[in-house]
């Protein structure tokens, strides 16, 4: 059955994408505009999930989300082996790609345009909505597509914190693993092709949105 | 009439800004070399650059007052600012750019369209800025800055990137707008042509300080010191010492009369300059013309260069000072003005301008 894991993947990815977009954009704005102390360390920490083995990311998440962890301890929210854990795992691994793209896109916005908006009566939030974000749009789109695709493909950390419970936490990548283990060749092929198609499409879209040349940056 | 008062102080590791000037209506040209602090001054007025001390006020609106702890954010200063590279929003159409500062007014697009017509951009409202020529972009930037009806307009080298014909036309349009809307305009430039085309007053700025300000012609014709003269590109600065009512200049007697007003300017040391075109070459055999005989020098030609308007010579005077001479292409045809040649030059009394002693001397 391809249905349940597919729809679960869609749901998990959609929620993760929203989180990746908002958290990633906010982080990128903070890093570029506020230039906080220890920026390099913070950026490196955000990027770490890109290079760490999924099992390491999964282990950290187990500590944070587990019985002894702060989420249960402070908020009393139990998330392990639930779809929520799958969302969190997907968000953590997708975030670096979003932050990276958003940071570059926001840094590329000419500060003179933001200055101009201020002299024309815009307060800071309006500057953001009317100038900075629209001008960084292509980069933000590229970031969210890459981040969401990475979230969709998340396997290792999800397995460790959300498990592989069919109908509850079994997303497409986990279902593919199961299908291979149980020799369901046709099902495997379908799901593998589906994942490949989605990956291809997202990379292709990102290539199209990449600002090809500076200056011609209109929608 | 409106009045703008600016006293802006800012110190940081790299740069010190300490400017002081005021203007009652009309156009003030902030003149100086690049890096002198002109743009920083505009940014301080606009609230885009934070200050340590000072006061900026237009009529009874206080933009900034360190002593009262007032610092109006840029978004509330309600002034027009035309940035050096226009800073038009590339993601908005020309019409949306012009309407940008009109907030949520219901008739904002209507109002923006009137500006399109006024700036001869009627057919360009739906285009994007990069589809316009430089002069059109410039007019969009002006319209965008003026649409919210500011009292004060700041312009940062607005016509620097345009060709001469277009520049002259826009300069005239700017003057017209200034009069029609009775704006106070602060105009930053390093071009004297620009300054004379648009300005009423001038403040000369150098290393973050205003060295001189006043009516444009006054400032240009009577630079207060050598630094200002150099900023204006004045060549042939000479040092001299006043001897009684005559000038003695490095041991050479000069029979130039000094008026009392000039003498009051400094004790006994003065600088003076002469425009390169006012230095005349004397034919060896011909009698010296009336008015030229007072300041005659032996000189040796160092270099000679051709320009569009004529020739320029660098010569070394007998007292080792170098000066520059400009003359028309057809002049002095019979003389051999090759480098190494000895000539005689004369400086007309009236052409010698006396400056106060320069700070940078």
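Within the stretch A:174-203, the set of residues being crowded, with 16+ Cβ neighbours inside 10 Å and touching a residue at least 60 places away in the same chain (Cβ under 8 Å) comprises A:174, A:175, A:187, A:191.
Just one of the listed residues (A:105, A:117) is outside any loop (DSSP other than H, G, I, E, B), more than 12 Å from chain B (Cβ to nearest Cβ) and crowded, with 22+ Cβ neighbours inside 10 Å, and it is A:105. The residue that is farthest from the other protein chains (Cβ to nearest Cβ), counting only those in the stretch B:118-128 that are in contact with a helix residue (DSSP H, G or I) (Cβ under 6 Å, 6 or more places away or on another chain) and in a helix (DSSP H, G or I), is B:122.
Cβ separations smaller than 7 Å between residues 6+ apart or across chains give no pair from the stretch B:144-160 residues that are more than 12 Å from chain A (Cβ to nearest Cβ) and without any contact (Cβ under 8 Å) to a residue 24 or more places away in the chain to residues that are assigned to a loop (DSSP other than H, G, I, E, B) and surrounded by 24 or more Cβ atoms within 10 Å (Cβ to Cβ). Restricted to strands (runs of 3 or more DSSP E) entirely inside the stretch B:20-108, those with at least 3 residues that are in contact with a strand residue (DSSP E or B) (Cβ under 6 Å, 6 or more places away or on another chain) and farther than 30 Å from residue B:123 by Cβ are B:26-31, B:53-58, B:61-65. Residue check: residue B:132 meets all listed conditions (1) crowded, with 16+ Cβ neighbours inside 10 Å; (2) more than 14 Å from chain A (Cβ to nearest Cβ); (3) over 28 Å from residue B:76 (Cβ atoms) but one, namely (2). Which one is nearest to residue A:34 (Cα to Cα) among residues in the stretch A:136-157 that are surrounded by fewer than 23 Cβ atoms within 10 Å (Cβ to Cβ) and within 12 Å of chain B (Cβ to nearest Cβ)? This residue is A:137.
Can you confirm whether residue B:72 is in contact (Cβ under 8 Å) with a residue 60 or more places away in the chain and more than 22 Å from residue B:129 (Cα to Cα)? When the stated conditions are applied, residue B:72 does not pass them. Please indicate, with yes or no, whether at least one residue in the stretch B:135-143 is touching a strand residue (DSSP E or B) at 6+ places or on another chain (Cβ under 9 Å) and in contact (Cβ under 8 Å) with a residue 60 or more places away in the chain. Checking the stretch B:135-143: at least one residue is touching a strand residue (DSSP E or B) at 6+ places or on another chain (Cβ under 9 Å) and in contact (Cβ under 8 Å) with a residue 60 or more places away in the chain. For the condition under 24 Å from the mean Cα position of the chain (by Cα), more than 14 Å from chain A (Cβ to nearest Cβ) and within 23 Å of residue B:177 (Cα to Cα), residue B:26 qualifies. Specify the residue that is nearest to residue A:120 (Cα to Cα); the eligible residues are those in the stretch B:46-73 that are within 14 Å of chain A (Cβ to nearest Cβ) and surrounded by fewer than 14 Cβ atoms within 10 Å (Cβ to Cβ). Applying the filter and picking the extreme gives B:73.
For the stretch A:47-65, the criterion of being within 30 Å of residue B:74 (Cβ to Cβ) and either within 13 Å of another protein chain (Cβ to nearest Cβ) or out of contact with any strand residue (DSSP E or B) (no Cβ under 7 Å at 6 or more places or on another chain) (or both) is satisfied by no residue at all.
For residue A:3, state whether it is on the phi > 0 side of the Ramachandran plot, exposed (fewer than 13 other Cβ atoms within 10 Å of the Cβ) and at pLDDT below 90. Quick ask: steps written out before the conclusion?
Working: on the phi > 0 side of the Ramachandran plot: no; exposed (fewer than 13 other Cβ atoms within 10 Å of the Cβ): yes; at pLDDT below 90: yes.
Against the criterion (on the phi > 0 side of the Ramachandran plot, exposed (fewer than 13 other Cβ atoms within 10 Å of the Cβ) and at pLDDT below 90), residue A:3 does not qualify.
Scanning the stretch B:148-182 for residues that are under 22 Å from residue B:1 (Cα atoms) and surrounded by 22 or more Cβ atoms within 10 Å (Cβ to Cβ) yields B:152, B:153, B:154, B:155, B:174.
Residue-by-condition table, conditions (1) farther than 28 Å from residue A:180 by Cβ; (2) free of Cβ contacts under 8 Å to residues at least 40 places away in the same chain:
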| position | (1), (2) |
| --- | --- |
| A:22 | yes, yes |
| A:33 | yes, no |
| A:36 | yes, yes |
| A:41 | yes, yes |
| A:53 | no, no |
| A:56 | no, yes |
| A:83 | no, no |
| A:88 | no, no |
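The values are calculated or read from the model by the stated rules, or taken from the named source; none is laboratory data. All values reported here derive from a predicted model rather than from experimental measurement. Methodologically, a virtual Cβ is constructed for each residue, glycine included, from the backbone with ideal geometry; neighbour enumeration extends over all protein chains shown.
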